[in-house]
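Written out below as structure tokens is the structure these notes cover.
Taken together, the values in this text are just the output of simple stated rules run on the coordinates, not laboratory data. These numbers were taken from a predicted model, which means no experiment stands behind them. Reconstructed Cβ throughout: ideal geometry from the backbone, glycine too, with neighbour counts over all protein chains shown.
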Amino acid sequence: MSSPGPLFRPYDKLVTIHLLDRGVQVPANNMLLRALQYVAAERIAYGRFCWNEECQYCRIRYDLGEGTPERTALACKLMVQDGMRIRELSLELRYCLRELQLKLPEE
């Protein structure tokens with residue numbers, strides 16, 4: 001039987017991203033969904049994510065800092081970047097990250 005391998009891609013540092021109202025440190029050189037698993041391991045692992053772009057449960061809106069355009073992406077396909085600001089999370093991601101007590105934007 002083969003080993004599934006390491007959970008995270010190799011990384012040499014943690015980078016800071018802003019998840020709604022909170023700065024969190026996650027491993028560099030990883031997809032955003034995997035990086036979120038670093039801060040909420042069990043919750044993300046048991047989320048209803050397909051990890052391959054089909055389910056759309058990991059949809060986010062983000063920008064890369066002040067003055068940059070806001071974009072929509074899937075966290076399973078987006079490489080994490082230092083200073084990334086996640087502005088909106090899908091319902092599934094909000095549920096999985098609920099223990100972080102993130103302040104949701106006013107609707």
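Counted over the chain, the DSSP beta bridges are approximately 90% antiparallel. With a Förster radius of 25 Å applied to the beta-carbon distance between GLU42 and ALA73, the computed FRET efficiency rounds to 0.55. Net charge in the neighbourhood of ARG61 (other residues with Cβ under 9 Å of its Cβ; Lys, Arg +1, Asp, Glu -1) is 0.
A convex hull fitted to the Cα coordinates of the chain yields 109 cubic angstrom per residue. Amide hydrogen proximity for ARG59: with H placed 1.01 Å from N in the peptide plane, the residues at 5 or more positions away or on another chain lying under 5 Å are ALA75, SER90. 3J(HN,Hα) along segment 63-77, derived from phi through the Karplus expression 6.51 cos²θ - 1.76 cosθ + 1.60 where θ = phi - 60°, amounts to 9, 10, x, 3, x, 9, x, 7, 10, 10, 7, 9, 5, 6, 10 Hz, with x in place of Gly and Pro. Modelled spin-label separation between ARG87 and LYS13, with each label point placed 7 Å from Cα along the Cα-to-Cβ direction: 2.7 nm.
Other residues within the sphere of radius under 10 Å centred on the Cβ of MET31, judged by their own Cβ, net out at +3 (K and R +1, D and E -1).
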